[in-house]
Amino acid sequence: MALDDHLTLPQPLSDRLHGAYGELFACIERGYLAKRPVTLRVNRLKTTPERVINELHAQGIGVQTVAWYEDALIAENVREAALQRLPMYERGEVYLQSLSSMLPPILLQPAAGENILDMTAAPGGKTTELFALSGGKALITACERDAVRFDRLRFNLSRQGATRVNALKTDALALDDFLRFDKILLDAPCTGTGTISADEGVRFSEGYLEKCVRLQRKLFEKAFRLLKKGGVLLYSTCSVLPEENGGILETAQRLGATQLPVQLPSEIALLPSPEGTACVCPSALYEGFFLSMFTK
Ligand code: SAM
């Protein structure tokens, strides 16, 4: 289905979105076509939002702040590549990250001394955010099975000064079942249907969706096994498809997980999703994103 000159959704995806959201499909469509500004997260371990704002202003770059997160900044009228050339970027004082993807670490509230697992971590935006939010004092294990993406993760950890992160190039499904963590982030591999934009081609097929769903269920089961009693598991995707999102509740219920409510700032527009979960609607500022939380 053609949305405009630049974006054509594969028919099966368009059918699924219509089926799941009806009239709200138009909002998703507007979100896909919106040109989102570059957003960045200030690395508190190295600098402060004030210093970053001053430096950006000195470069002639306008900045907006974000009400729900002091460390999030919206850069105006500038491309990613230009920001990546700035010394503050090279020094790891900022990380280019979508606003939606800053949400899971905030909800997990990482604290000093906690043992935290980031199961599917590369390129490391959320790992480095978890580390920074803990003041550099959480003990984080970050897994990534893809070799190229693992190198990127290691590079980002080093640049961001995330020193106490134990990066493992491994399939998270192969982690020792005797390990236990206080908190686990499962930012699951998914179809990416929340992040579709007019700039990039859309890759989607029913087979790909099925493959993602199967892997998500397996990873969730593993995550729940590795969670301490009373620990918190956050499951997120950058998809807006119910099969990859609310669909996980069936697995959670089967395993006896207790759901914890996800509450997002009211300024973030949501799509319908099962009670206690949140599905961010793609928009001019946010990528589509799903969040759910559980305890054991
Ligand atoms: N959390 C990351 C961030 O914020 O930068 C993004 C993670 S991305 C959505 C999912 C990642 O999971 C991909 O890098 C993929 O290679 C990795 N992955 C997929 N299956 C995996 C597995 N079984 N074990 C470990 N990593 C896996």
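Coordinate-derived values only; no laboratory data. Source: prediction; values computed, not measured. Ideal geometry is used to build each Cβ from the backbone, glycine not excepted, and the neighbour counts take in all protein chains shown.
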Ranked list, fewest to most other Cβ atoms within 10 Å of each Cβ, for LYS35, LYS183: LYS35, LYS183
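Could you tell me the convex hull volume per residue, in Å³, taken over the Cα atoms of the range 248-295?
With only Cα atoms used, the range 248-295 gives 70 Å³ per residue.
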Spatial separation of Cα centroids for the range 68-94 and the range 230-254, in angstrom: 31 Å
For the chain, modelled as a Gaussian network with Cα springs under 10 Å, which listed residue fluctuates most, LEU86, LEU45, LEU219? LEU86
Take the alpha carbon atoms of the range 142-210, find their center, do the same for the range 10-28, and report the distance between the two centers in whole angstrom. 27 Å
Whole-number D in µm²/s for the range 200-240 (Stokes-Einstein; Kirkwood sum over Cα pairs; 10 °C, 1.306 mPa s): 130 µm²/s
If you take the Cα atoms of the range 1-142, find Rg, then find the Kirkwood Rh from the mean of 1/r over all pairs, what is Rg/Rh? 1.05
Cα-based Lys proximity count in the chain, under 19 Å, for pairs eight or more positions apart or on separate chains: 19
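For SER197 and ALA284, calculate 0.36 nm times their separation in residues minus their Cα-Cα distance, and state this gained length in nm to one decimal.
Full-extension gain reported as 30.2 nm.
Let me know the charge dipole size of the range 198-261 about its Cα centre in debye, to the nearest 20, where only the beta-carbon of Lys, Arg (+1) and Asp, Glu (-1) is charged.
Charge dipole, the range 198-261, about its Cα centre: 580 debye, nearest 20.
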Determine by what factor the alpha-carbon radius of gyration of the range 152-267 differs from 2.2 N^0.38 Å, reporting the quotient. 1.19
Mean Kyte-Doolittle of at least -1.0 plus a Cα span of 24 Å or more along the axis: flag which DSSP H helices in the chain meet both, please. 206-226
With a 10 Å cut-off between alpha carbons and a GNM built on the chain, which of CYS279, CYS143, CYS212 moves the most? CYS212
Lys and Arg at +1, Asp and Glu at -1: add these up for the other residues within a Cβ distance under 12 Å of VAL232 and post the number. +2
For the chain, what is the relative contact order in percent, using Cα pairs closer than 8 Å and at least 6 residues apart in sequence? 19 percent
Cleavage-rule hits (GluC sites (Glu not before Pro)) in the range 160-250: DSSP loop, at most 16 neighbouring Cβ within 10 angstrom: GLU200
Be a star and scan the range 73-91 for residues whose amide nitrogen sits under 20 Å from the point 7 Å along the Cα-to-Cβ vector of ARG152. 79-86, 89-91
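Compute and list, largest first, the equivalent-ellipsoid semi-axes of the chain from the alpha carbon gyration tensor, each √(5λ) rounded to a whole angstrom.
27, 27, 17
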Test of the criteria: in the range 163-205, which chymotrypsin sites (Phe, Trp or Tyr not before Pro) are in a DSSP loop and have at most 15 other Cβ atoms within 10 angstrom of their Cβ? PHE178
For a quick check of your reading of the filter: which trypsin sites (Lys or Arg not before Pro) in the range 46-127 sit in a DSSP loop and have no more than 15 other Cβ atoms within 10 Å? ARG79, ARG85, ARG91
Over the chain: helical MRE at 222 nm, DSSP H runs n ≥ 4 each giving -39500 (n - 2.57), nearest 500: -9500 deg cm²/dmol
